[in-house]
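The values are calculated or read from the model by the stated rules, or taken from the named source; none is laboratory data. Quantities reported herein were computed from a predicted structural model and do not represent experimental measurements. Don't worry about glycine lacking a Cβ; one is built from the backbone with ideal geometry, like all the others, and counts go over all protein chains shown.
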Amino acid sequence: MGRRTKDYPLKTFYGKIHGQYDRVNRIFTFGRDASWRRKAAAECLKVRPIRILDLCTGTGDFLLELARQANSPVELTGYDFSASMLELARKKSRGLEEQPEIRSLNFVEGDVADMPFQNASFDAIGITFGIRNLLYENSGAGAHLSEIHRVLRPGGRLVILESSRPGNFLWRQFNALYLRLILPYLGGLLTGNLAAYRYLAQSSKNYYTRDQMIGILKNSGFRMISEKPLFLGSVMLLAAEKTD
Ligand SMILES: C[S@@+](CC[C@H](N)C(=O)[O-])C[C@H]1O[C@@H](n2cnc3c(N)ncnc32)[C@H](O)[C@@H]1O
């Protein structure tokens, strides 16, 4: 059983919306999410990692992007605690192993709070739209951060793509209104699961600013490499390195 947030049991949430997840994502990000993942994958592959972990892989879009962009040998692992999200990821990635750069491609089911990987197993870890789930009002936040740190090798790269609270006042108000009045109801309508999209909207609206997220990473044993605001700061792309 995954950790519970104050508002919603996440594992149940993703188990219920997996079928519509990709389509609803496209709609809510105005079709931008694919290009953000492309940027995140490029940031991850910059250091030519071999063993790469896609944490909270969901339906596997980030892993697929890594596979598309890899131009040197990679061993890809997608990790998630939702069996139904992983099932879709497996389906979408069928045939990818035939690509010459892909040495291996595995999906593993489990909770980030307790990962079945040895210390320093990965050269790079990417988390796209997953870290909010791991940190926002989550009693397991500390365990999630220390597990991420443990399984990454010293000097390894951590890439995070996530929503963030924008700095610009006017855009922040618009963003908050969109998240309060549109996203939960449209999400509820499209998926039949209002509670799930209420959680998603609320956690996005109240999630950290880029600076707060950077502070958390620095306090968790990472050194910042780069930080980019996307979509006027409603989304952040961060790259960090494990310091010890
Ligand atoms: C918003 S989706 C992101 C999926 C994908 N990375 C993307 O870019 O669309 C978040 C995923 O995190 C997974 N997740 C949330 N908390 C988790 C935990 N503690 N352990 C493992 N997976 C978790 C959920 O099952 C879900 O598939």
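Points to keep in mind about this one:
- Test for Glu65: is it touching a residue at least 60 places away in the same chain (Cβ under 8 Å) and either touching a strand residue (DSSP E or B) at 6+ places or on another chain (Cβ under 9 Å) or closer than 17 Å to Ile148 by Cβ (or both): no
- Hits in the range 114-125 (condition: more than 16 Å from the ligand (Cβ to nearest atom) and in a strand (DSSP E or B)): Asp123
- Of the residues making up the range 44-73, those that are under 14 Å from the mean Cα position of the chain (by Cα), over 14 Å from Glu101 (Cα atoms) and among the charged types (D, E, K, R) are Asp54, Asp61.
- Meets criteria (farther than 19 Å from Tyr14 by Cα and modelled with pLDDT of 90 or more) for Leu161: no
- Meets criteria (away from the ligand (no atom under 16 Å from the Cβ) and closer than 26 Å to Glu227 by Cβ) for Arg165: yes
- Entry remark, the range 126-156: residues being within 16 Å of Met236 (Cα to Cα) and away from the ligand (no atom under 11 Å from the Cβ) number 0 in total.
- Filter result for Ala141 (more than 11 Å from the chain's Cα centre (by Cα) and within 15 Å of Leu76 (Cα to Cα)): no
- Filtered by the rule that a residue be surrounded by fewer than 16 Cβ atoms within 10 Å (Cβ to Cβ), under 16 Å from Ala240 (Cα atoms) and in contact (Cβ under 8 Å) with a residue 40 or more places away in the chain, the range 132-152 gives a lone residue, Ser146.
- Residue within the range 41-51 that is surrounded by 21 or more Cβ atoms within 10 Å (Cβ to Cβ) and more than 15 Å from Arg157 (Cβ to Cβ) present: no
- Only one entry in Arg48, Arg23 is more than 10 Å from the ligand (Cβ to nearest atom) and closer than 24 Å to Val151 by Cβ, namely Arg48.
- The range 25-39, residues that are among the β-branched types (Val, Ile, Thr) and more than 16 Å from the chain's Cα centre (by Cα): Ile27
- Of the candidates Leu86, Leu76, the single residue that is more than 13 Å from the chain's Cα centre (by Cα), closer than 26 Å to Lys11 by Cβ and surrounded by fewer than 24 Cβ atoms within 10 Å (Cβ to Cβ) is Leu86.
- Filter result for the condition that a residue is closer than 24 Å to Ile182 by Cα, more than 9 Å from the ligand (Cβ to nearest atom) and either among the small types (Gly, Ala, Ser) or at pLDDT 95 or above (or both), over Ala67, Ala34, Ala41: Ala34
- The set of residues in the range 88-113 that are of a type in the set (Gly, Ala, Ser) and more than 12 Å from the ligand (Cβ to nearest atom) comprises Ser93, Gly95, Ser104.
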